[in-house]
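Report on the structure given below.
The values are calculated or read from the model by the stated rules, or taken from the named source; none is laboratory data. As the structure is a computational prediction, the values presented were derived from the model and not from experiment. Note that we place each Cβ from the backbone using ideal geometry, even for glycine, and neighbour counts take in every protein chain shown.
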């Protein structure tokens with residue numbers, strides 16, 4: 001009787017182990033199935049933006065002079081926000097669906113919006129101190145902002161009261177060259193600084209240097225499930241942080257200003273309108 005109970009327990013445990021192994025294997029394979037998927041045309045938004053952006057929850061942002069519009073992934077209009085500070089040099093920064101940040105270097109303004117594009121705050125970057133702010137990022141938990149000070153080559157993290165809570169060491173001393181980031185992305189415990197000339201610099205969220213991925217001209221960078229997605233020369237690429245391998249997507253639609261979401265991509269077609277493709 002005792003041996004029978006032990007045998008039953010062994011079978012139960014074995015089934016659980018097998019299930020866990022299969023589940024883990026499926027998770028590991030998921031990015032590769034996505035890589036093999038062929039994008040399929042879905043819809044055209046009849047707008048001609050000066051810039052566009054997709055966040056990691058597939059919300060689509062279109063920017064026109066003086067106006068930011070937000071759409072669902074199916075192309076249905078959701079909300080808009082107007083400001084005199086929005087122009088062709090304004091950066092759209094949105095880590096997820098909870099908060100959106102606009103950085104307008106021409107006016108030195110950092111605009112914080114909620115998930116319905118209602119204005120929370122407008123920060124005057126010139127009043128934050130003697131910083132030369134050239135790039136802004138949002139923290140993973142939405143409560144802090146990352147600022148890059150080009151003058152001191154440091155990262156500064158500020159809280160909702162605009163108080164610095166962290167200042168890094170001089171990054172150019174850590175990496176051996178001057179950094180000019182175009183994007184700051186926080187994903188998990190890592191920070192990704194995207195430099196068009198020198199590649200993607202990875203730090204932990206305490207400012208400790210991890211490594212450099214020497215990819216020139218990587219634009220529209222997203223980090224999803226340890227995979228870095230980016231565009232280069234109108235093509236989509238991915239870099240797997242676990243396998244250190246780069247993949248080029250051969251089935252890229254003929255679009256400009258391509259943006260990558262979790263299950264969609266968007267770009268501007270030859271007529272100047274925005275196309276949505278699903279994969």
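Do we have any residue at all in segment 202-212 that's more than 27 Å from residue 120 (Cα to Cα), surrounded by 13 or more Cβ atoms within 10 Å (Cβ to Cβ) and touching a helix residue (DSSP H, G or I) at 6+ places or on another chain (Cβ under 7 Å)? Checking segment 202-212: at least one residue is more than 27 Å from residue 120 (Cα to Cα), surrounded by 13 or more Cβ atoms within 10 Å (Cβ to Cβ) and touching a helix residue (DSSP H, G or I) at 6+ places or on another chain (Cβ under 7 Å). Taking segment 231-254 as the range and being surrounded by fewer than 19 Cβ atoms within 10 Å (Cβ to Cβ) and outside any strand (DSSP E or B) as the test, the residues that pass are 233, 234, 241, 242, 243, 244, 250, 251, 252, 253, 254.
On inspection, residue 157 passes the criterion of being buried (at least 16 other Cβ atoms within 10 Å of the Cβ), free of Cβ contacts under 8 Å to residues at least 40 places away in the same chain, in the same structural domain as residue 115 (by TED's automatic domain parsing) and closer than 20 Å to residue 101 by Cα.
When the test is whether a residue is closer than 29 Å to residue 253 by Cα and surrounded by fewer than 16 Cβ atoms within 10 Å (Cβ to Cβ), residue 78 passes it. Here 61, 23 are screened, and the one residue that is outside any loop (DSSP other than H, G, I, E, B), modelled with pLDDT under 95 and either under 30 Å from residue 141 (Cβ atoms) or touching a helix residue (DSSP H, G or I) at 6+ places or on another chain (Cβ under 8 Å) (or both) is 23.
Checked against (1) part of a loop (DSSP other than H, G, I, E, B); (2) at negative phi; (3) modelled with pLDDT of 90 or more, residue 277 meets all criteria but (1). Considering 202, 228, 215, the condition of being in a loop (DSSP other than H, G, I, E, B), at pLDDT 90 or above and under 23 Å from residue 155 (Cβ atoms) is satisfied by 215 alone.
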